[in-house]
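A short write-up of the structure that comes next.
What follows is calculated from the coordinates using simple rules that are stated; it is not laboratory data. This one's a predicted model, so the numbers in the text were calculated from it and none came from an experiment. So basically every Cβ, Gly included, is an ideal-geometry build from the backbone, and we count neighbours across all protein chains shown.
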Protein chains: 2
Amino acid sequence: MDAWVFDAYGTLYDVHSVVRRCEALWPGKGASLSQAWRSKQLEYTWLRSLMGRYAPFSQVTRDALQWSLASLGIPGEGHAVEDLMAEYLRLETFPEVRQALGSLQGRKAILSNGSPDMLDPLVAHSGLKLDAVLSVDAVKAYKPDPVVYELAMKYFDMKSKSAVTFVSSNGWDAQGAKSFGLRVIWVNRAGAPVDRLGFAPDRIVRDLRELG
Amino acid sequence: MDAWVFDAYGTLYDVHSVVRRCEALWPGKGASLSQAWRSKQLEYTWLRSLMGRYAPFSQVTRDALQWSLASLGIPGEGHAVEDLMAEYLRLETFPEVRQALGSLQGRKAILSNGSPDMLDPLVAHSGLKLDAVLSVDAVKAYKPDPVVYELAMKYFDMKSKSAVTFVSSNGWDAQGAKSFGLRVIWVNRAGAPVDRLGFAPDRIVRDLRELG
């Protein structure tokens, strides 16, 4: 049986609606706010992991939003913050995702930085059929710490790392999984250059239609 | 004897000349290139540390530059890359640094992500008088991994972490040092909000004139 592991945000789920909501709340500032928010969100996951100060992704995401609002001089009213956080619970899947996953043979799981309080409602809302939703919260560390990718190995109970295919749209996540030893497909939706961290994905695709 | 530990890039040394050189090489693109370069440089230090794939800062810095050039569609001619890398060896200190350090009592060291091949020529060129130049290269991990701040404790041979004052302009570095337990002064040159990583610097100053 093939084993497929998918990153969630940006890979299966499109965060564009968050950008749109930012723009609706603060016209003219949506793009810069959502860009700052996303960078800070990732930055905080890496920094907390390195500091040994794990906090759940829901907290990290809220902290990153509040920092980004402050850095842009936008008053961070509570209701707007809660509005945006709620947006994460009902992200849409990219258009090709449902069909692409449906036509793949084998077992399928999500492996995400998201904490269960964010991931579980999201997956339920989208109705995607998966064998498991694995959260880094189980190991209190963030990607690309190898203990995270080890979660997938344990879940699938596989002997060989390269028998598990990991699919992510995040270049650095693809490198982390490759460094750990999984088979890796990088979904390069944005047409970005390959990250220079010493590894190469096994395959690069533009979207999930090319997976099968 | 007081023990003072300083971050190098952005704290003692002004990287603005690198921005200027980027602009001279690719007019109109200097700001976006140097911004992408700096973010990617930090990102690669965090990712490599988490992946357990340390590479020296000189390599990380060159890799980040080449990724950033590619992402902006700028052909990365070898001579331009070497020009920019060389710029890092002759950065100027911020205007107040020499006098501020001269008037401080106690022992003083640099603790930097920089590898010795970058730091040693830089410090020699600037003529700053310090007791030690400590590089993360000794522990093959990057800030804010606690093993890095431990380097300062070992060098000064201090019993109490809070007897060592760490000075950094990087908000996340200040948080990392605080999480480790040092006394921390954040040099908030850019007027940024405090990072939301669970800690607060002991003091926030605008530049090093306020240290004494």
Taking Cα pairs closer than 8 Å and at least 6 residues apart, the relative contact order of chain B in percent is 23
Inter-copy distances for residue A:194, label 7 Å out on the Cα-Cβ vector, sorted ascending, nm, one decimal, are 4.4
Going residue by residue through segment B:57-65, the Karplus relation 6.51 cos²θ - 1.76 cosθ + 1.60 with θ = phi - 60° gives ³J(HN,Hα) values, rounded to whole Hz and with x marking Gly or Pro, of 4, 5, 5, 4, 5, 5, 4, 5, 5
One decimal, nm, nearest first: from residue B:35 to the same residue in each other copy, label points 7 Å out along Cα→Cβ, the values are 0.5
Shielding of A:194-201 by other chains, given as the mean Cβ count within 10 Å, works out to 5
Restricting to Cα pairs under 8 Å and 6 or more apart, the percent relative contact order of segment B:1-76 works out to 22
Per-residue average of other protein chain Cβ atoms inside 10 Å, peptide A:137-143 -> 1
Asserting the computed 222 nm helical MRE of the protein assembly as shown (DSSP H runs at least 4 long, -39500 (n - 2.57) per run, divided by residue count, to nearest 500) equals -14000 deg cm²/dmol
Computed for chain B: size of charge dipole around the Cα centre, +1 on C-beta of each Lys and Arg, -1 on C-beta of each Asp and Glu, debye to nearest 20, value 460
Here the correct list, in nm and shortest first, of distances from residue A:16 to the same site in the other copies, label points 7 Å along Cα→Cβ, is 4.1
Between residue A:35 and residue A:139, the FRET efficiency computed from the C-beta separation at R0 = 30 Å comes out, to the nearest 0.05, as 0.55
Taking Cα atoms only, helix A:78-87 is inclined relative to the longest principal axis of chain A by an angle, in degrees rounded to 10, of 20
Yeah, segment A:96-200 with a ≥ b ≥ c from its alpha-carbon gyration tensor (a/c under 1.5 is rounded, else prolate when a/b outruns b/c, oblate otherwise) is rounded
If one compares the long axis through the Cα atoms of helix A:146-156 with the longest principal axis of the Cα atoms of chain A, the angle in degrees, nearest 10, works out at 50
Cα-Cα pairs in chain A separated by more than 27 Å, as a whole percent of all pairs, come to 29
At q = 0.09, 0.10, 0.15 Å⁻¹, the log10 of I(q)/I(0) for the protein assembly as shown from a Debye sum over equal Cα scatterers comes to -0.59, -0.73, -1.49
Two pseudo-spin positions, 7 Å from Cα along C-beta at residue B:192 and at residue A:147, lie apart in nanometres by 2.7
